[in-house]
Structure formats: C-alpha cells, structure tokens
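The values are calculated or read from the model by the stated rules, or taken from the named source; none is laboratory data. Keep in mind the model is a prediction, meaning the values are calculated, not measured. For neighbour counting, all protein chains shown are included, and Cβ atoms are generated from backbone atoms with ideal geometry for every residue, glycine included. Surface areas here come from the heavy atoms of the whole protein model, side chains and all, with no ligands, DNA or RNA. Shrake-Rupley method; radii C 1.70, N 1.55, O 1.52, S 1.80 Å.
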Amino acid sequence: MILNEKQTMLRDLCREFAETEFTDELLDRLDETGEFDWDIFHQMAKYGFTGIKTPVEYGGQGGDSLDYVLMMEEFSRVSPVLAIYANTSNSLGSGPLLFCGNEEQKQKYLAPIAKGEKIIVFSLTEPGAGSDAGGTLTTAVEDGDYFVLNGRKTFVSGAPIADYAIVYAKTDPTQRGSRGISMFIVDLTLPGVSLGKPERKMGINGYPTCDLILEDVRIHKSDLLGPKDNGFRTAMQTLDGGRLGVAAQSLGLAQGAYEEALQYSKDRKQFGRPLKDFQAISFMLADMATEIEAARELIYSTAVKKDAGDPEASKLCAMSKYFASEMANRVAYKAVQIFGGYGYINEYKVERFYRDARILTIYEGTTQVQQMVIAGNILK
Ligand code: COS
C-alpha cells in the first residue's frame, strides 16, 4: 500500500521517536528487571501516542486504525515491549468504553487514559477460561445500587501498574456459555481488590503481568459498561481491534529482526566471504523479506477495511494476527540462525526478539483461536 503524506510523516515520527528514545540501556534494563519504566511512558503520553486512536473529543489524537498500526509497527521494530506501553489505551483498554460506554463514562475515563494520566487494562482470561473465554466463573450479583464481584482473573497484562480494569463477570448464571456475561469498570483501589505476584516471563519483560483477585468488590451500577448480560460480544469486537494491533506488533518485530540479520550477513565473514554471499543465507533473507511484505499488505489493508465497516473485518483481523504472528516467529528463528552462536547470546538483539516473538501466537487469542474464527467465518 502506498502511504499518503500524513501517514508517511506519522510513520517517520514514530520511527524517529523509537530509534531515539528506546535506548539500548533502557531495553536492557526492562529485560533484566521486568519493571515498568514510567519516564518513557510519560514521554509517549506527551507526544500523544497513548491516545493516537482515541477521538479528539475524548482527549485523543483522533487517528484511524492504520495510524495505530503504523505506530505499533515502528515501535515494535525497536521494542515490542515498549509498543505495548502505547497500545492498551488505544486497544483493549479503551475499546469497550468506545463501543458501549455512555457519555458520562466516556468523559470520566477515556480522556485521562488517552493522555496517559490513568491506565486501564483488559481482564477477561481466568485460570479455567483462556481460549474458552465464555467459560468465565467470575460472578457479579446485584445488591441495591451495586454489583458484588467475586472471582480471579489471570495473565492480566499491565495490572500491576493499572488504575482500572475492564472486568467480565457472569451476571446471569441461568444463561449458558458466553451469554449472561457483563462488563464492569473496576477501580483497582476498591476494597476487596488484590493482585497476584508479577509473573516471570520468557519475554516481553518490562510490561508486568499478574492475577487480579476480586473478593466481594462492590461496583456501583454507574460502572456497569454496556447492557447487562451482553458483554461477551463487546469483548469479541474489542479483540478484533486488539488482534490487528498484535499483528502490527508482529510485523514490527519481524522487520527489526530481519534488519539485524541483514546487516550481520554483510558484516560477518566465514570461509573468506561475507555470509550474504552464501546462497543458503541469502535465500533465508529472501524468505524473511517476502513474508514481511506479505504481512504488511494484509495488515494495512485490513486496517483500512475495518474502519470502512467491511463485514469481513473480523475474519481479516484474525487472518492478520494468525499470519503475522507465525511469520514473526519464523523470521526471528531465521535471524537467530543467521547469527549462529552469537544469536543465542543475550548481548545481541535477535536473542530478545526471538523470546519476545513467542507470545505473539498466544495472547489475544492463540493461533488456533484465530483459525477457529477464520474457519467460522468462511464456513458459515
Ligand atoms: N464481533 C461481534 N460479535 C461477536 C464476534 C465479533 N468479532 N465474535 C463473536 N461474536 C458474538 C457471536 O455473534 C455470538 O453472539 P450471540 O450469543 O448473540 O449468538 C457470541 O459473540 C458468542 O460467539 P461464539 O459462539 O463464536 O463464541 P464461542 O464461545 O464459541 O467462542 C472464540 C469463540 C473461541 C472465538 C472466543 O471465545 C475467543 O475469541 N476466545 C479467545 C479469547 C481470547 O482472545 N483471549 C485472550 C484474552 S485477552 S489478552
């Protein structure tokens, strides 16, 4: 796709920001400590990245899905971890509010989230309800002006640093499966809310993840989001956009790993020749470049079609995530292979890209869930 002048400027701005601000020192620190860096988050917020897709009237930049994709791609090219810092507020966190928040909820929550003053996270998965997201066991029982929530959510990305969580809970146990589930905005300072210990992960270190535990948490009815008993549909709609974001994150990671391998193949000599002069290496590079380009075209066109209301958008988002996340793993694998033993040493960027790539085929719906969504669409 040929980008217009405004899109090219945005891409260049994001690229320059990432190359300048995402320093090696910062990336090493995130990976080693696993701790969130507030300075870079505030810097991103100052530039408006945390609200790139939020409408202007709610404190954002009013960009479209392609703008968001370009930002995610460019940030992930340098750091797929720091890309997430700007992601949640444009994706899973704000999605449910934009889809079905009332005006009061939008005014109260969206603007501070878009400006990076508050952080909201998405909390769907439970220990026994991962791919089977409709199997949620968390309950919400009406009590006067309140709902009383009980349950445990798991793998909640960003929970340790968040102010609010969108929580899915069963409000009508007589309805089966994904029906009878409602969405709530939960203030994480409320009595009865506690957090599990931050998980130690293979990659994506520096964006902490933990369990969210709810024990008799009283949520005022004004924080019920959307219609009661009908929250699952919004979760799925939100995940359509989230999956496009993970696809763009995969694309950026693959591009970063490929560029590292390309340069290395020119610098490193074996048997008296640079690696690039060996057909085995040049063919790997050719495969990497081709797959990246194919993913880019699919993702960009999906972004445009999604905003245009294309009825195929849900399927295309799943296809984008499926193809790009698997592709990023293939590319990261080959990048490590080209680096040989050095690729296995954590001093080299491809080692981290390889570890970070592994989650892409898992979070926001595994590859197999994407295949279920795609098959469900083409076979209906
Ligand atoms: N947009 C709007 N509505 C959607 C939708 C979408 N993209 N996808 C499904 N729905 C609706 C369906 O139309 C259906 O509505 P009705 O109840 O009115 O008929 C409802 O949602 C349930 O859909 P479905 O029957 O397909 O749900 P399943 O329980 O079979 O689940 C999968 C389908 C597996 C696709 C779903 O559970 C899923 O995406 N799981 C993975 C969850 C995930 O990504 N977790 C990561 C956590 S966030 S990091």
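For the stretch 200-265, state the semi-axes of the equivalent ellipsoid (square roots of 5 times the eigenvalues of the alpha-carbon gyration tensor), sorted largest first and rounded to whole angstrom. Kindly include the intermediate steps, with their values, before the conclusion.
Numbers: eigenvalues 291, 66, 11 Å².
Taking √(5λ) for each eigenvalue gives 38, 18, 7 Å, largest first.
Projecting the Cα atoms of VAL148, THR136, THR125 onto the dipole axis of the stretch 115-158, where Lys and Arg carry +1 and Asp and Glu carry -1 at the beta carbon, places THR125 farthest toward the positive end.
Taking all protein chains together and rolling a 1.4 Å probe, TYR109 ends up with roughly 10 Å² accessible.
Under the definition of Cα pairs under 8 Å and six or more residues apart, what whole-number percent is the relative contact order of the stretch 138-224? Intermediate values should be presented prior to the final figure.
On the way: 177 pairs, mean separation 34.1, N = 87.
Once divided by the residue count of the stretch 138-224, the mean separation gives 39 percent.
Axis of helix 24-33 versus longest Cα principal axis of the chain: the two differ by about 50°, to the nearest ten degrees.
SER222 sits among other residues whose Cβ lies under 15 Å from its own Cβ, and their net charge, with Lys and Arg +1 and Asp and Glu -1, is -2. Each Lys and Arg adds +1 at its Cβ and each Asp and Glu adds -1 at its Cβ; summed about the Cα centre, the stretch 120-230 shows a dipole of about 360 debye. Counting lysine pairs in the stretch 94-243 that sit 8 or more residues apart in sequence, or on different chains, and whose Cα atoms lie under 13 Å apart gives 4.
Only protein atoms count toward the accessible area here, which uses a 1.4 Å probe; on the stretch 120-230, the carbon and sulfur part of that area reaches 50 percent.
Computed over the stretch 233-378, the P(r) tail beyond 26 angstrom holds 31 percent of alpha carbon pairs. Distance from the C-alpha centroid of the stretch 188-202 to that of the stretch 211-284: 23 Å, rounded to the whole angstrom.
Among residues other than TYR146 whose Cβ falls under 11 Å from its Cβ, what is the net charge (Lys/Arg +1, Asp/Glu -1)? Spell out each step's value before the answer.
Values: positive: ARG218, LYS221; negative: GLU142, ASP143, ASP145, ASP216, ASP223.
Net local charge, TYR146 excluded: -3.
Rounded if a/c is under 1.5, else prolate if a/b is larger than b/c, else oblate: which is the chain, with a ≥ b ≥ c the root eigenvalues of its Cα gyration tensor? Each step should come with its number before you reach the end.
Values: a/c = 1.81, a/b = 1.74, b/c = 1.04.
It comes out prolate by the Cα gyration axes.
In degrees from 0 to 90, rounded to the nearest 10, what is the angle of the helix 313-339 Cα long axis to the longest principal axis of the chain? With both axes taken from Cα atoms, the answer is about 40 degrees.
Taking 0.36 nm per residue of separation and subtracting the Cα-Cα distance, full extension of the segment from ASN377 to HIS220 would add 52.8 nm.
How tilted is helix 65-78 with respect to the longest principal axis of the chain? Cα atoms for both, answer in degrees (0 to 90, nearest 10). That works out to roughly 50 degrees.
Counting only protein chains, not ligands or nucleic acids, how are TYR58, TYR344, TYR363 ordered by accessible area (probe 1.4 Å), most first? Intermediate results must be reported in sequence, preceding the final value.
Working: TYR58 20, TYR344 190, TYR363 50 Å².
Of TYR58, TYR344, TYR363, the descending order of accessible area is TYR344, TYR363, TYR58.
Entry comment: accessible area of the stretch 153-262 is 38 Å² per residue, from protein heavy atoms only and a probe of 1.4 Å.
For the stretch 87-147 versus the stretch 1-79, the inter-centroid distance based on Cα atoms is 23 Å.
The number of Lys pairs in the stretch 237-380 with C-alpha atoms less than 30 Å apart, excluding pairs fewer than 8 positions apart on the same chain, is 19. Contact order, relative form, for the chain: 16 percent (alpha carbon pairs under 8 Å, 6 or more residues apart, mean separation divided by residue count).
Within the listed set GLY241, GLY134, GLY272, the Gaussian network model of the chain (springs between alpha-carbon atoms below 10 Å) gives the highest mean-square fluctuation for GLY272.
Among bridges DSSP assigns within the stretch 120-230, what percent are antiparallel (round to 5)? Can you show the working numbers first?
Numbers: 27 of 33 bridges.
About 80 percent, rounded to the nearest 5.
Only protein heavy atoms count here; under a 1.4 Å probe, ASP229 has an accessible surface of about 40 Å². In a reduced charge model with +1 at each Lys and Arg Cβ and -1 at each Asp and Glu Cβ, the stretch 233-378 shows a dipole moment near 240 debye about its Cα centre.
At the residue level, HIS42 shows approximately 100 square angstrom of accessible surface with a 1.4 angstrom probe and all protein chains present.
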